[in-house]
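The next block holds one structure in the form of structure tokens; read it before the comments.
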Ligand code: AMP
Ligand code: GLY
């Protein structure tokens, strides 16, 4: 089968690496891809926003299956357009991607399907939102309704911060994503990332994982797309996994099917594990990044076969087989990330890290200069990932690999995985 993978981050490099091992694969194309994905297939410089061009490319290259990595094309309806053109695609329809694209949509679905989540109220106007927040006091959470590249959420610890957040969002900081806001009760506990493949009718959970959202050691500083991840996440016990499947994932699958807008793809639940049990913070409708970088090295079964079974509505529990090994990924980010990353600086000695046993250096924000030199080109630049018999072993290998890379403009967190490691 000839496959097209859409996206260009560390998630897509990890997916490309895994897809390349599939006996079902004849050739992999990645649009637009990055220097890492180019090791496993052919990068094509397509504009992902131009569905007509994507379809024309698929026809020309006899693509049998398209896999969409990031959320923006899903929310823009790329899967609907591909299917209308008779091309099989992995990912939710535009309507089903509203689970990620609209926080208000998801909160209302939670109400209808009785899914545990933070109490919430929606507002379309600043005055009423402020009056409400003055009544509740802080801490309180203010969210722009739509997609805001992970920046549309303010966990306000004071009333003043909450009021400023309301002004910022209604002031147009996130464009049309901020025409409505959701004000939420603040949840307390430990966060975890939960993934399930969903084929429209049923769902199969992936292995557990945890991300590190804040930029600095000890969970300090601004939120990012994620600074590191590990799998398994001991906080997601078998009992928690079963509750999340019964109380969140399956009710969501059934409700979406009942509405005539079945969800197909990866459903990613951001969880808060509270003293009362797991609560849903938000849904995403794609693999997490950098969670995907720790899940793929642990997946023993064929990823492509499982994704095809998902699209064809015949997913089975044994389609996903996981290694007992642990995996840990540390993001090597550009100085200045997340606000203003420095780009265009040379990254050296990558081979010294890549050739270590059980290490994968997934490219996230890199590009090749005209002379072939590898340079940084984004905020999150590399996901340095290692596996090991224990999380400690994976941790030590990932940090040893980081130490081999020669990059003056990078930084990383030093405490990835510490919550799950023995003190
Ligand atoms: P989101 O973009 O919805 O994932 O939110 C980003 C981050 O904000 C989450 O990973 C949490 O750390 C935090 N957050 C979101 N909603 C809440 C909530 N209701 N209570 C506490 N923290 C939250
Ligand atoms: N790592 C969190 C995300 O992909 O949204």
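Inside the range 103-116, can you point out the residues that are away from ligand 1 (no atom under 14 Å from the Cβ) and outside any loop (DSSP other than H, G, I, E, B)? So that I can check it myself, show each step before the final result.
Taking the range 103-116 first, the residues away from ligand 1 (no atom under 14 Å from the Cβ) are 108-109, 111-114.
Passing the criteria: 108, 109, 111, 112, 113.
Need pairs with beta-carbon distance below 9 Å; first residue farther than 19 Å from residue 391 by Cα and in contact (Cβ under 8 Å) with a residue 24 or more places away in the chain and within the range 208-219, second in a loop (DSSP other than H, G, I, E, B) and within 13 Å of ligand 1 (Cβ to nearest atom); sequence gap 6+ or separate chains.
Close Cβ pairs (under 9 Å, with a partner that is in a loop (DSSP other than H, G, I, E, B) and within 13 Å of ligand 1 (Cβ to nearest atom)) amount to 215/224; 215/227; 215/338; 216/227.
Working only within the range 276-293, note down all residues that are away from ligand 2 (no atom under 11 Å from the Cβ) and more than 19 Å from residue 103 (Cβ to Cβ).
276, 277
Exactly one of these conditions fails for residue 153: (1) loosely packed, with under 15 Cβ neighbours inside 10 Å; (2) within 16 Å of ligand 2 (Cβ to nearest atom). Give me its number.
In the conditions (1) loosely packed, with under 15 Cβ neighbours inside 10 Å; (2) within 16 Å of ligand 2 (Cβ to nearest atom), residue 153 misses (1) alone.
Return yes or no: is residue 329 under 29 Å from residue 300 (Cα atoms), touching a residue at least 12 places away in the same chain (Cβ under 8 Å) and part of a strand (DSSP E or B)?
Details: under 29 Å from residue 300 (Cα atoms): yes; touching a residue at least 12 places away in the same chain (Cβ under 8 Å): yes; part of a strand (DSSP E or B): yes.
Against the criterion (under 29 Å from residue 300 (Cα atoms), touching a residue at least 12 places away in the same chain (Cβ under 8 Å) and part of a strand (DSSP E or B)), residue 329 qualifies.
Do you know which of the residues in the range 214-231 that are surrounded by fewer than 21 Cβ atoms within 10 Å (Cβ to Cβ) and assigned to a loop (DSSP other than H, G, I, E, B) is nearest to ligand 2 (Cβ to nearest atom)?
219
For every residue, the table says whether it meets (1) crowded, with 19+ Cβ neighbours inside 10 Å; (2) modelled with pLDDT under 95; (3) within 29 Å of residue 376 (Cβ to Cβ).
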{"position": "37", "(1), (2), (3)": "yes, no, yes"}
{"position": "42", "(1), (2), (3)": "no, no, yes"}
{"position": "73", "(1), (2), (3)": "yes, no, yes"}
{"position": "85", "(1), (2), (3)": "no, no, no"}
{"position": "93", "(1), (2), (3)": "yes, no, no"}
{"position": "96", "(1), (2), (3)": "yes, no, no"}
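Within the group 265, 277, 288, which residue is more than 13 Å from ligand 1 (Cβ to nearest atom) and under 24 Å from residue 75 (Cβ atoms)? I'd like the intermediate steps shown before the answer.
Working: 277 fails: under 24 Å from residue 75 (Cβ atoms); 288 fails: more than 13 Å from ligand 1 (Cβ to nearest atom).
Every option except 265 fails the conditions.
If you scan the range 1-20, which residues turn out to be buried (at least 24 other Cβ atoms within 10 Å of the Cβ) and not in a strand (DSSP E or B)?
Here is the first cut: in the range 1-20, the residues buried (at least 24 other Cβ atoms within 10 Å of the Cβ) are 3-16, 19.
Listed by number, the residues that qualify are 8, 9, 10, 11, 12, 13, 14, 15, 16, 19.
One residue is enough: does the range 329-344 have a residue meeting the conditions within 16 Å of ligand 1 (Cβ to nearest atom) and either at pLDDT 95 or above or within 20 Å of residue 109 (Cα to Cα) (or both)? Break it down into steps so the answer makes sense when it comes.
From the range 329-344, those within 16 Å of ligand 1 (Cβ to nearest atom) are 331, 338; that's our starting set.
Checking the rest, the ones that are also either at pLDDT 95 or above or within 20 Å of residue 109 (Cα to Cα) (or both) come to 331.
The answer is yes; a qualifying residue exists.
With (1) part of a loop (DSSP other than H, G, I, E, B); (2) over 16 Å from the mean Cα position of the chain (by Cα); (3) on the phi < 0 side of the Ramachandran plot as the list, and residue 260 as the residue in question, which single condition is left unmet?
Single failed check for residue 260: (3).
Across the range 21-39, which residue is nearest to residue 81 (Cα to Cα) among those that are touching a strand residue (DSSP E or B) at 6+ places or on another chain (Cβ under 6 Å) and either free of Cβ contacts under 8 Å to residues at least 60 places away in the same chain or assigned to a strand (DSSP E or B) (or both)?
The qualifying residue nearest to residue 81 (Cα to Cα) is 31.
Being in a loop (DSSP other than H, G, I, E, B), modelled with pLDDT under 95 and away from ligand 1 (no atom under 13 Å from the Cβ) is the filter here, so list the residues in the range 167-213 that pass it.
If the condition is that a residue be in a loop (DSSP other than H, G, I, E, B), modelled with pLDDT under 95 and away from ligand 1 (no atom under 13 Å from the Cβ), then 171, 172, 173, 179, 180 are the ones that fit.
Restricted to the range 242-275, and to residues that are over 23 Å from residue 71 (Cβ atoms) and out of contact with any helix residue (DSSP H, G or I) (no Cβ under 9 Å at 6 or more places or on another chain), which residue is farthest from ligand 2 (Cβ to nearest atom)?
258
Would you pick out the residues in the range 117-166 that are over 29 Å from residue 289 (Cβ atoms) and assigned to a loop (DSSP other than H, G, I, E, B)?
Answer for the range 117-166, where residues must be over 29 Å from residue 289 (Cβ atoms) and assigned to a loop (DSSP other than H, G, I, E, B): 119, 124, 125, 137, 138, 158.
Taking residue 370, is it assigned to a loop (DSSP other than H, G, I, E, B), out of contact with any helix residue (DSSP H, G or I) (no Cβ under 7 Å at 6 or more places or on another chain) and free of Cβ contacts under 8 Å to residues at least 12 places away in the same chain? Don't jump to the end; show me each part of the working.
Working: assigned to a loop (DSSP other than H, G, I, E, B): yes; out of contact with any helix residue (DSSP H, G or I) (no Cβ under 7 Å at 6 or more places or on another chain): yes; free of Cβ contacts under 8 Å to residues at least 12 places away in the same chain: yes.
When the stated conditions are applied, residue 370 passes them.
Do the conditions hold for residue 306, that is, is it within 21 Å of residue 254 (Cα to Cα), modelled with pLDDT of 95 or more and away from ligand 2 (no atom under 16 Å from the Cβ)? Working first, answer last.
Numbers: within 21 Å of residue 254 (Cα to Cα): yes; modelled with pLDDT of 95 or more: yes; away from ligand 2 (no atom under 16 Å from the Cβ): yes.
For residue 306, the condition - within 21 Å of residue 254 (Cα to Cα), modelled with pLDDT of 95 or more and away from ligand 2 (no atom under 16 Å from the Cβ) - is met.
Taking the range 291-321 only, how many residues are within 16 Å of ligand 1 (Cβ to nearest atom) and assigned to a loop (DSSP other than H, G, I, E, B)?
Residues meeting the conditions: 0.
The values are calculated or read from the model by the stated rules, or taken from the named source; none is laboratory data. This is a predicted model, so every value here is computed, not measured. Neighbour counts are summed over all protein chains in view; Cβ atoms, including those assigned to glycine, are modelled from backbone coordinates with ideal geometry.
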